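Peer 1: Before I ask anything, here is the structure I am working with.
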Amino acid sequence: MKLSNRRRMLALSALIMSGAVFSNTAWAQAKETLKFGLAMPLSGSQALYGADQVKAAQWAVADINAKGGVNGKQLEMIVLDTQADPQLGINAVKRLTSVDNVPVFITAWSAVVKAVAPIANREKVLELSVGANSPDIAKLGDYVYTTFPLAEVDVSGLAKYTHATLGKKTAAVMYINNDSGVEGAAIYKSVFEKAGGKVVAYEAYDTKATEFTGALLKVRAANPDIIHIQGLVSDLPQVIAQMRQLGLQQRVSTYSAGYNPKVIEQLGAAAEGLIVTSLAPGVSDNPNVGSFITRWKDTEKRVPNGLPYTQYLYDGPYLVAELYKWIEKNKLPATGENMRKALITAKNFDLPMTGGLQVGEDHRVNKPVYLLTVDKGQFVPLATIK
């Protein structure tokens with residue numbers, strides 16, 4: 001027996017309140033939906049981040065649809081797993097563009113964003129990078145845009161602050177040997193030395209490394225004032241723990257990947273003094289963030305892994321909704337070409353978690369850089385760089 005309309009509405013409301021994915025719900029079957037893709041790591045080494053980012057996007061879709069969607073039409077988000085692997089990302093985006101026929105999709109992780117860009121450009125489907133920071137993302141083609149500031153924003157700000165405000169004259173840089181690590185480390189070194197500092201050790205480590213003694217012994221011999229690590233949340237605690245075991249007590253800095261409670265949980269007292277960046281406002285800057293964190297605590301009994309990234313992923317569907325509104329207002333078909341036209345014509349967007357977004361002609365965005373440090377087992381604000 002089929003559900004009555006009233007019972008169907010109640011069932012959907014329950015799904016919305018739970019933040020469930022509902023690309024194949026009664027709404028999708030009964031009404032026209034506005035589709036978009038989300039290609040993120042739900043398994044593999046980066047699932048710790050990816051699963052929470054997907055959950056944030058699910059919540060956003062649920063919240064938008066609970067308020068009537070876009071002119072009465074529901075958003076439909078199609079989620080596919082990339083494992084943060086370029087080839088799996090290519091497979092996912094091929095399906096999104098050729099089978100699901102989405103006009104726009106969201107993805108992250110620099111290697112994946114780069115790998116799928118040729119598909120976006122060839123198929124003329126808008127690719128929105130949300131959370132990847134490789135500077136190359138700004139040069140990937142007409143259909144690839146970022147909502148997330150690239151490494152030149154937060155890493156540069158951190159390097160300048162380290163020399164000018166903290167007064168550090170020498171630095172060691174350790175970095176993971178992937179796109180994000182290599183490029184971020186190069187930016188830090190260049191900016192720190194232009195500011196008047198000197199990088200006295202510059203050491204790479206393999207993406208699958210668990211032993212860092214060789215590189216750390218070189219860092220110890222160089223005796224820097226500060227150590228900057230351009231790595232991932234999966235390796236950062238191991239690097240710092242082994243660093244402390246070898247007697248290196250210098251202050252450590254990293255970029256936004258380190259802004260994760262798991263880092264403090266794993267390191268304990270060894271995390272004290274760690275400096276991280278964030279490219280999303282905190283509770284004191286945006287009241288919506290406080291409500292967002294409360295929602296996590298109420299539903300998941302914890303804070304999200306990588307708060308800033310989940311903020312950007314929550315805002316992703318809101319940006320897609322704004323693009324669909326522009327298309328419908330201008331009575332245009334929902335194609336990738338028109339999604340791109342909406343993005344570059346509207347240009348300015350006000351998003352609930354990360355605030356104002358201005359899309360530049362150079363495919364870059366700029367945001368304030370929020371620096372935080374670990375003090376007594378908690379991330380606390382250190383400085384804001386505008």
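Peer 1: What shape does the stretch 340-386 take by its C-alpha gyration tensor, where a ≥ b ≥ c are the square roots of the eigenvalues and a/c under 1.5 counts as rounded, a/b above b/c as prolate, and the rest as oblate?
Peer 2: Working: a/c = 4.25, a/b = 2.83, b/c = 1.50.
Cα axes put the stretch 340-386 in the prolate bin.
Peer 1: Could you work out which residue, out of 328, 300, 183, moves most in a Gaussian network model of the chain, that is, has the largest mean-square fluctuation with Cα springs under 10 Å?
Peer 2: Looking only at 328, 300, 183, the largest GNM fluctuation is found for 300.
Peer 1: Let me ask something else about it. Along the charge dipole of the chain, Cβ charges K/R +1 and D/E -1, which of 383, 229, 159 sits furthest on the positive end?
Peer 2: 383
Peer 1: Now, a different point. So if the hydrodynamic radius of the stretch 246-354 is defined as the Kirkwood radius over C-alpha pairs, what does Stokes-Einstein give as its diffusion coefficient at 10 °C and 1.306 mPa s, in µm² per second?
Peer 2: Details: Rh = 16.6 Å.
The calculation lands on 96 µm²/s.
Peer 1: So who's got an amide H within less than 5 Å of the one on residue 253, skipping anything under 5 residues away but keeping other chains? H placed 1.01 Å off N, in plane.
Peer 2: Long-range HN contacts for residue 253: 227, 228, 229, 275.
Peer 1: Would you tally the net charge around residue 222, using a Cβ to Cβ cut-off of less than 12 Å, leaving residue 222 out, and scoring K and R as +1, D and E as -1? List each step's numbers first, then the result.
Peer 2: Numbers: positive: 198, 218, 220; negative: 203, 225.
Value of the local net charge: +1.
Peer 1: Right, another one. Step by step: find N for the chain, compute 2.2 N^0.38 Å, then divide the Cα radius of gyration by it. What's the final number? Walk me through the intermediate numbers first.
Peer 2: Details: Rg = 21.4 Å, N = 386, 2.2 N^0.38 = 21.2 Å.
Ratio of Cα Rg to 2.2 N^0.38 Å: 1.01.
Peer 1: How far is the Cα center of the stretch 42-81 from the Cα center of the stretch 248-278, in Å?
Peer 2: Taking the Cα centre of the stretch 248-278 as reference, the centre of the stretch 42-81 is 29 Å away.
Peer 1: Right, next: Considering every Cα-Cα pair within the stretch 143-267, what fraction, in whole percent, is farther apart than 26 Å? Numbers along the way, then the final one.
Peer 2: Details: 1163 of 7750 pairs.
Value for the stretch 143-267 (Cα pairs over 26 Å): 15 percent.
Peer 1: Mean-square fluctuation check for the chain, GNM, Cα pairs under 10 Å: which of 71, 260, 178 is largest?
Peer 2: Looking only at 71, 260, 178, the largest GNM fluctuation is found for 71.
Peer 1: Running a GNM on the chain with Cα contacts under 10 Å, which residue among 313, 323, 357 ends up with the highest mean-square fluctuation?
Peer 2: 357
Peer 1: Next up: Have a look at the DSSP beta bridges in the chain and tell me what percent are antiparallel, nearest 5. Don't jump to the answer; show the numbers that get you there.
Peer 2: Values: 16 of 51 bridges.
Approximately 30 percent, going by the DSSP bridge assignments.
Peer 1: Out of every Cα pair in the stretch 189-330, what percent are spaced more than 26 Å from each other?
Peer 2: Details: 3980 of 10011 pairs.
Across the stretch 189-330, Cα pairs with separations above 26 Å total 40 percent.
Peer 1: Using the Karplus curve 6.51 cos²θ - 1.76 cosθ + 1.60 with θ = phi - 60°, work out ³J(HN,Hα) for each residue of the stretch 249-258 in order, rounded to whole Hz, and write x for Gly and Pro.
Peer 2: In residue order, the calculated couplings are 10, 4, 5, 10, 10, 7, 8, 5, 4, x Hz.
Peer 1: With point charges of +1 on the Cβ of Lys and Arg and -1 on the Cβ of Asp and Glu, referenced to the Cα centre of the chain, which listed residue (80, 197, 239) lies farthest in the positive direction of the dipole?
Peer 2: Sorting the options by dipole projection puts first 80.
Peer 1: Can you grab the distance from the C-alpha centre of the stretch 197-221 to the C-alpha centre of the stretch 344-359, Å, no decimals?
Peer 2: Comparing the Cα centres of the stretch 197-221 and the stretch 344-359, I get a distance of 39 Å.
Peer 1: Here's another thing I want to ask about it. Using alpha carbons only, how many degrees (0 to 90, rounded to 10) separate the axis of helix 179-194 from the longest principal axis of the chain?
Peer 2: 50 degrees
Peer 1: Report the gain in length on full extension from residue 208 to residue 386: 0.36 nm times residue separation, minus Cα-Cα distance, nm rounded to one decimal. Mind showing how you got there, number by number?
Peer 2: Numbers: separation 178, 0.36 × 178 = 64.08 nm, distance 3.54 nm.
My answer for the length gained is 60.5 nm.
Peer 1: Follow-up. Computed FRET efficiency, Cβ-Cβ of residue 95 and residue 223, R0 51 Å: what is it to the nearest 0.05?
Peer 2: Details: r = 52 Å, r/R0 = 1.02.
Efficiency for this residue pair is about 0.45.
Peer 1: May I pose another question? Taking a ≥ b ≥ c as the square roots of the eigenvalues of the Cα gyration tensor of the stretch 170-238, is the shape rounded (a/c under 1.5), prolate (a/b larger than b/c) or oblate? Before the final figure, lay out the partial values.
Peer 2: On the way: a/c = 2.33, a/b = 1.32, b/c = 1.77.
Note, shape of the stretch 170-238 comes out oblate.
Peer 1: Further, regarding this structure: Which ³J(HN,Hα) values, rounded to whole Hz and listed in residue order, are derived for the stretch 147-157 from phi using the Karplus coefficients 6.51, -1.76 and 1.60 in 6.51 cos²θ - 1.76 cosθ + 1.60 with θ = phi - 60°, glycine and proline given as x?
Peer 2: Using θ = phi - 60°, the values come out as 9, 10, x, 7, 4, 5, 7, 7, 5, 4, x Hz.
Peer 1: Next question. Could you give the alpha-carbon Rg of the stretch 56-167 over 2.2 N^0.38 Å, rounded to two decimals?
Peer 2: On the way: Rg = 16.8 Å, N = 112, 2.2 N^0.38 = 13.2 Å.
In units of the 2.2 N^0.38 Å rule of thumb, it is 1.27.
Peer 1: Taking the Cα centre of the stretch 145-212 as origin, sum charge times position over the Cβ atoms of Lys and Arg (+1) and Asp and Glu (-1), and report the length of that vector in debye to the nearest 20. Please report the intermediate quantities before stating the final value.
Peer 2: On the way: 7 positive and 8 negative charges, 83 e Å.
It works out to roughly 400 debye.
Peer 1: Any idea what angle helix 86-98 forms with the longest principal axis of the chain, computed on alpha-carbon atoms, 0 to 90 degrees, nearest 10?
Peer 2: 20 degrees
Peer 1: What net charge do the residues around residue 98 carry, taking every other residue with its C-beta under 14 Å from that of residue 98, with Lys and Arg at +1 and Asp and Glu at -1?
Peer 2: On the way: positive: 35, 94, 95, 122, 124; negative: 100, 123.
Spelling it out: positives minus negatives among the neighbours equals +3.
Peer 1: While we're here: Spin-label point model (7 Å from Cα, Cβ direction): what's the residue 166 to residue 283 distance in nm?
Peer 2: Between residue 166 and residue 283, the simple spin-label model gives 2.5 nm.
Peer 1: Skipping prolines and chain starts, which residues have an amide H placed within reach, meaning under 5 Å, of the one on residue 203, given they are 5 or more residues away or on another chain?
Peer 2: The answer is 173, 174, 175.
Peer 1: What is the helix-to-structure angle for 5-18, meaning the angle in degrees between its Cα long axis and the longest Cα principal axis of the chain, kept from 0 to 90 and rounded to the nearest 10?
Peer 2: Once rounded, one gets 0 degrees.
Peer 1: If amide H atoms are built 1.01 Å from N in the plane of the peptide, which residues on other chains or at least 5 residues away come under 5 Å of the amide H of residue 146?
Peer 2: Amide H neighbours of residue 146: 129.
Peer 1: Where does each of 281-292, 133-144 land if you order them by average Cβ count within 10 Å, highest first?
Peer 2: Details: 281-292: 15.8, 133-144: 19.2.
Sorting 281-292, 133-144 by mean packing, highest first, produces 133-144, 281-292.
Peer 1: How large is ³J(HN,Hα) for each residue in the stretch 47-59, as worked out from phi by the Karplus curve 6.51 cos²θ - 1.76 cosθ + 1.60 (θ = phi - 60°), to whole Hz, x for Gly and Pro?
Peer 2: The phi angles translate into 4, 3, 6, x, 4, 6, 5, 5, 4, 4, 5, 4, 4 Hz.
Peer 1: Given the rule -39500 (n - 2.57) for each run of at least 4 DSSP H residues, summed and divided by the residues of the chain, what is its mean residue ellipticity at 222 nm, to the nearest 500 deg cm²/dmol? Let's see the in-between values first.
Peer 2: Values: 13 runs with 171 residues, N = 386.
Mean residue ellipticity at 222 nm (helix-derived): -14000 deg cm²/dmol.
Peer 1: Distance from a point 7 Å along Cα→Cβ of residue 67 to each backbone N in the stretch 288-305: keep the residues under 18 Å and list them by number.
Peer 2: 288-296
Peer 1: Roughly what would the spin-label model give for residue 121 and residue 335, points 7 Å off Cα along C-beta, in nm?
Peer 2: 2.0 nm
Each value in this text was obtained by applying a stated rule to the coordinates, not by laboratory testing. This is a predicted model, so every value here is computed, not measured. Counting neighbours? That spans all protein chains shown, and the Cβs are built from the backbone with ideal geometry, glycine included.
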